[in-house]
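Peer 1: This is the structure, below, for whatever I ask next.
The values are calculated or read from the model by the stated rules, or taken from the named source; none is laboratory data. This one's a predicted model, so the numbers in the text were calculated from it and none came from an experiment. Using ideal geometry, Cβ is built from the backbone for each residue, glycine included, and neighbour counts are taken over all protein chains shown.
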Amino acid sequence: QHTYSQAVVFVDNSGADVCLGVLPFVRFLLQQNTRVVLAANSRPALNDVTDRELVDIVHRARVIDPAFRTDMLSVCGTGSSGPCLDLRKLDARLVQTSQNADLVVIVGMGRAIHSNYYARFSCDSLKLAVFKNQMAADAASAHIYDALCKYERAVV
C-alpha cells in the first residue's frame, strides 16, 4: 500500500465541508503516518474558513480525537483572501513548510475548478469539488452539481 510522506491540503468552506469532509480525510492521512499541512485563507472571503479559524477547529478536534494530537499536523495561511487559489502567490511560510510534499489536495470549486483545474504538479494531486456553475461544468464536459474527484500522478 502506497503512503505519502507529506500532504498539503488547501481547504475552502467552513462548517460541514471542513468538519465532515476534510478532517476525516486528514485523520486517515495521519493514521498512515503522513505529515499534513492544512492551508486556508489568511483573510476572510465568502464562507471560506481562515487559518485562524482552522487552528481553533483543529484544537477542538484534538480534544475529542487522539488521532489529531500529533505534531504531524499543522495549519498555515495561504496569503490569500479570495475563493480562488493563485499558486504563484502563496505565503512564504506555507511554501517553506510544504517543500517536501508528495501530495497536493485542492478542495472547492474556486480553488480546484476555476483556478487550478488544468494545473499539473511535480507530485501527486487530488482535486475535489462540486460543479456549481454551468459554464464551468460545460467547459469540463460535466453537468451542474456533478462531483469532481480528479487524481493525477506527478508530472515527471
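Peer 1: Considering only the range 111-156, state which residues are outside any helix (DSSP H, G or I), among the charged types (D, E, K, R) and out of contact with any Asp or Glu (no Cβ under 9 Å at 6 or more places or on another chain).
Peer 2: Within the range 111-156, LYS132, ASP146, LYS150 qualify.
Peer 1: Would you tally the residues in the range 55-110 being farther than 30 Å from ILE144 by Cα, part of a helix (DSSP H, G or I) and not basic (Lys, Arg)?
Peer 2: 16
Peer 1: Of (1) over 24 Å from LEU20 (Cα atoms); (2) buried (at least 16 other Cβ atoms within 10 Å of the Cβ); (3) in contact (Cβ under 8 Å) with a residue 24 or more places away in the chain, LEU54 satisfies all except one. Which?
Peer 2: (1)
Peer 1: I'd like to check something: does the range 55-76 contain any residue that is under 20 Å from LEU94 (Cα atoms) and in contact with an Asp or Glu (Cβ under 7 Å, 6 or more places away or on another chain)?
Peer 2: yes
Peer 1: Another question about this same structure. Report yes if some residue within the range 66-76 is modelled with pLDDT of 95 or more, acidic (Asp, Glu) and at negative phi; otherwise report no.
Peer 2: yes
Peer 1: Within the bounds of the range 26-38, is there any residue that is touching a residue at least 24 places away in the same chain (Cβ under 8 Å) and aromatic (Phe, Trp, Tyr)?
Peer 2: Taking every residue of the range 26-38 in turn, none turns out to be touching a residue at least 24 places away in the same chain (Cβ under 8 Å) and aromatic (Phe, Trp, Tyr).
Peer 1: Right, another one. Counting only residues that are polar (S, T, N, Q) and outside any loop (DSSP other than H, G, I, E, B), which one in the range 21-46 is farthest from GLN1 (Cα to Cα)?
Peer 2: Here the answer is ASN41.
Peer 1: Can you go through VAL37, VAL95 and tell me which one is surrounded by 15 or more Cβ atoms within 10 Å (Cβ to Cβ) and either on the phi < 0 side of the Ramachandran plot or touching a Cys at 6+ places or on another chain (Cβ under 6 Å) (or both)?
Peer 2: Every option except VAL37 fails the conditions.
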